[in-house]
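The values are calculated or read from the model by the stated rules, or taken from the named source; none is laboratory data. These figures come from a predicted structure and were not determined experimentally. Positions of Cβ are backbone-derived with ideal geometry, glycine not excepted, and every protein chain shown enters the neighbour counts.
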Amino acid sequence: MEINFEFRKLVMDHHIEPDLIKYCYQCSRCADNCPVTAVTEDFYGTTGYNPRTNILRALLGYKNLLLEQDDLVIWGCTVCDTCDEVCPQNIELTEIFTFLKNQSIDLGKGPDFIYSQAQAVFDSAKAIPSQPAIERRRDQLGLPKVVAPDVEEIQTLLKNIGANKKLK
Ligand code: SF4
Ligand code: SF4
């Protein structure tokens, strides 16, 4: 295990309240309440998804244990925010997990499904492009027609933040 001090500092600085993450005392309340940990099963954080372990690894600067592992290690988080709600130290875990995901994308190591979903947003301005079956179902339910998004405008916005350069 290699400590990456620069990465560690980035993590510390990223939290909305700098350095608060270091007050994590590994109580595991986040992991106990995480729905993803419950189904990927790993209380001790050696396999599966575990927010407690991720906070510890981020705090210690173990970049390679976070960003050079199975996709599940950081991308398993669904950002349901339960861990943020239950952490007794008021650590905003999901802020750190979003930072980790962004780091993963910067390194070109995100999972394929993320790139394909981002490409769909870029191409159609929708995460789920419309389909005839969806339109029919909406009609049956008496829902109004979905207004088509301005794809060009969305693409301009995405280009302005450089998101198009991160697509594969
Ligand atoms: S609930 Fe908070 S203090 Fe407890 S292990 Fe998780 S991040 Fe650390
Ligand atoms: S936000 Fe992520 S880590 Fe936290 S409880 Fe939900 S799935 Fe688990």
When the stretch 117-142 is checked residue by residue, the ones that are closer than 22 Å to residue 80 by Cβ and of a type outside the set (A, V, I, L, M, F, W, C) are 117
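Let me confirm something: among 49, 62, which residue is within 14 Å of ligand 1 (Cβ to nearest atom), more than 13 Å from residue 98 (Cα to Cα) and of a type in the set (Ser, Thr, Tyr)?
49
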Residue hits (the stretch 46-94; surrounded by fewer than 17 Cβ atoms within 10 Å (Cβ to Cβ), aliphatic (A, V, I, L, M) and either closer than 23 Å to residue 9 by Cβ or not assigned by TED's automatic domain parsing to the domain that holds residue 14 (or both)) are 56, 60
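Considering the stretch 30-45 alone, what residues qualify as being surrounded by 16 or more Cβ atoms within 10 Å (Cβ to Cβ) and farther than 18 Å from residue 69 by Cα? Don't jump to the end; show me each part of the working.
Here is the first cut: in the stretch 30-45, the residues surrounded by 16 or more Cβ atoms within 10 Å (Cβ to Cβ) are 30-31, 33-34, 36-37, 45.
Across the stretch 30-45, the qualifying residues are 30, 31, 33, 34.
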When the stretch 114-168 is checked residue by residue, the ones that are part of a helix (DSSP H, G or I), farther than 27 Å from residue 72 by Cβ and of a type in the set (Lys, Arg) are 136, 137, 138, 159
Filter the stretch 69-128 for residues that are of a type in the set (Val, Ile, Thr) and in contact (Cβ under 8 Å) with a residue 40 or more places away in the chain; the one that is farthest from ligand 2 (Cβ to nearest atom) is 105
Subset of the stretch 13-27, residues in a helix (DSSP H, G or I) and without any contact (Cβ under 8 Å) to a residue 40 or more places away in the chain, comes to 13, 22
Filter the stretch 112-132 for residues that are surrounded by 14 or more Cβ atoms within 10 Å (Cβ to Cβ) and within 19 Å of the chain's Cα centre (by Cα); the one that is nearest to residue 65 (Cα to Cα) is 114
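Can you pull out every residue in the stretch 75-97 that is in a helix (DSSP H, G or I) and within 15 Å of ligand 1 (Cβ to nearest atom)?
First, pick out the residues of the stretch 75-97 that are in a helix (DSSP H, G or I): 75, 82-86, 93-97.
Residues satisfying the conditions are 82, 83, 84, 85, 86, 93, 94, 95, 96, 97.
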